[in-house]
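The values are calculated or read from the model by the stated rules, or taken from the named source; none is laboratory data. For clarity, every value in this text was computed on a predicted model and none was experimentally measured. Ideal geometry is used to build each Cβ from the backbone, glycine not excepted, and the neighbour counts take in all protein chains shown. Accessible surface is based on the protein model in full, side chains and every heavy atom, while ligands, DNA and RNA are left aside. Shrake-Rupley method; radii C 1.70, N 1.55, O 1.52, S 1.80 Å.
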Amino acid sequence: MLFLFKYRFLQTVRDLPIMFWALAFPLILATLFYFSFGRAGLSATGESKWEAVKVCVIDHSPAFSSFLQSMDGDALNILPSASEKEALQMLDEGTIAGIYYAGETPSLTVGRNGLNESILTTMLDTYNQNAAILKKIAETHPENLPAAIQSSQDYRQLVYETTLGGETLDPSVQYFFALIAYACLSGAFLGVRASFDSQANLTALGARRSVTPTHKLTLILIDMLVLVTIHFANIMILTIYIGNVLGISLGTDYTSLLLVNFMGSLIGITMGLAFGSLTKLSLNIKMSLTVVITLLPSFLAGLMFANMKNIIEQHVPFINRINPAAVLSDAYYCMGVYQDMDRFVRCIVTLVIMSILFLTAAFLGIRRERYDSI
């Protein structure tokens, strides 16, 4: 058994094409994700960086101007403009996102539709709503007007962008959670290769294994132990690279992170062992199909389109329950964002059940193999 362990270990780490899919390709994807959108709002502490929206203000009425000035330097960056013509020119050039007209009836002019423009519109609507409320209070209960004004001025301090665990995370971090889930499933490449090498009519190692008195379940467990060890190291390298090199915060619960990474490695390996054992195809075809069975679940979990998992949750939630990539992604969310331990435990239990089912399928697939001669 020690020979089989050493042989499997050395054979796996020396198989460069397989190690590319299991380790190098996820690292490349993480780098591409980082330069695509990861740097825009993520820091090593997990706090999102907000860039104030640039605007100009025309016709400075005291009330509305005071409201805007309270936002200056925080949500807004009010730029000086000598005239409306100059402000419109800045709007056309894209220097500013909008122009507030702070007259008797405040209004807003924007150059296009987008997030910044929506923020400006929301601020104007908020001011108009507060102004209407204060006007009604002044007419009906003037004695409460000072308290109402104070309350409206302090509302911004009551709302923060934060997770249930008290950490602020950029929404694009979900891509990195889905990426790690995909990397975990990429262990299927290792499992498929190992199952192929175990076939006595194809490899020398398979011939030796077929005549050994060691129980086939024991042989599978040895393969799984070696492969999970190697792939767990792959996932930890990816996690350290994302967290420490790219500076993307994946949460601070490192014990839970290790547990999810281990379960992800386990389910990827067992999925590959099961698929390789139950299919009678050539190695090249198996590897091609493995690309599909790793990328498709990852796509459904939000690797290419972040909202895909939410769409599935609304229409076909059962798919998210049986999709290992979605369960892994959900576990990372519960660990790093939600801080929901009940949901986290459900994800871990689901991954354990899936791994047992895949391992059972792999054992049944190998057990049924019989050879008249080799």
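Of everything in segment 79-98, what is among the aliphatic types (A, V, I, L, M) and in contact (Cβ under 8 Å) with a residue 24 or more places away in the chain? Give them in sequence order. Matches in segment 79-98: LEU79, ALA87, MET90, LEU91, ILE96, ALA97. Within segment 242-257, the set of residues being part of a helix (DSSP H, G or I) and either among the β-branched types (Val, Ile, Thr) or at pLDDT 95 or above (or both) comprises ILE242, VAL245, THR255.
Answer with yes or no whether ALA82 is modelled with pLDDT under 75, under 18 Å from ILE99 (Cα atoms), open to solvent by 80 Å² or more (accessible area, probe 1.4 Å) and not charged (D, E, K, R). It is true that ALA82 is modelled with pLDDT under 75, under 18 Å from ILE99 (Cα atoms), open to solvent by 80 Å² or more (accessible area, probe 1.4 Å) and not charged (D, E, K, R).
Going by what's in this entry, would THR31 be described as in contact with a helix residue (DSSP H, G or I) (Cβ under 9 Å, 6 or more places away or on another chain) and either at pLDDT below 70 or open to solvent by less than 70 Å² (accessible area, probe 1.4 Å) (or both)? Taking the combined requirement at face value, the residue satisfies it. What do you reckon, is LEU202 touching a helix residue (DSSP H, G or I) at 6+ places or on another chain (Cβ under 8 Å) and at pLDDT 85 or above? No. Please identify the pairs in which a residue from segment 295-311 that is without any contact (Cβ under 8 Å) to a residue 40 or more places away in the chain has its Cβ atom under 7 Å from the Cβ atom of a residue that is open to solvent by 60 Å² or more (accessible area, probe 1.4 Å) and assigned to a helix (DSSP H, G or I), counting only partners at least 6 apart or on another chain. Listed pairs, sorted by first residue: MET308/PHE299.
Residues checked against (1) out of contact with any Gly (no Cβ under 6 Å at 6 or more places or on another chain); (2) among the β-branched types (Val, Ile, Thr); (3) more than 24 Å from VAL173 (Cβ to Cβ):
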site	(1), (2), (3)
LYS280	yes, no, yes
ASN284	yes, no, yes
PHE318	yes, no, yes
ALA331	yes, no, no
THR350	yes, yes, no
ILE366	yes, yes, yes
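For segment 85-120, give me each residue that is among the β-branched types (Val, Ile, Thr), under 26 Å from LYS135 (Cβ atoms) and open to solvent by 40 Å² or more (accessible area, probe 1.4 Å). Step through it out loud before you land on a result.
Step one: list which residues in segment 85-120 are among the β-branched types (Val, Ile, Thr), which gives 95-96, 99, 105, 109-110, 119.
Adding the requirement that they be under 26 Å from LYS135 (Cβ atoms) leaves 99, 105, 109, 119.
Selection gives THR105, THR109.
Have a look at MET304, MET308, MET287, MET354 and point out the one that is more than 20 Å from the chain's Cα centre (by Cα), at pLDDT 85 or above and within 25 Å of PHE33 (Cβ to Cβ). It is MET287.
Yes/no matrix, rows are residues, columns are (1) of a type in the set (A, V, I, L, M); (2) out of contact with any Asp or Glu (no Cβ under 9 Å at 6 or more places or on another chain); (3) crowded, with 22+ Cβ neighbours inside 10 Å:
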| residue | (1), (2), (3) |
| --- | --- |
| GLY247 | no, yes, no |
| LEU281 | yes, yes, no |
| LEU289 | yes, yes, no |
| LEU328 | yes, yes, yes |
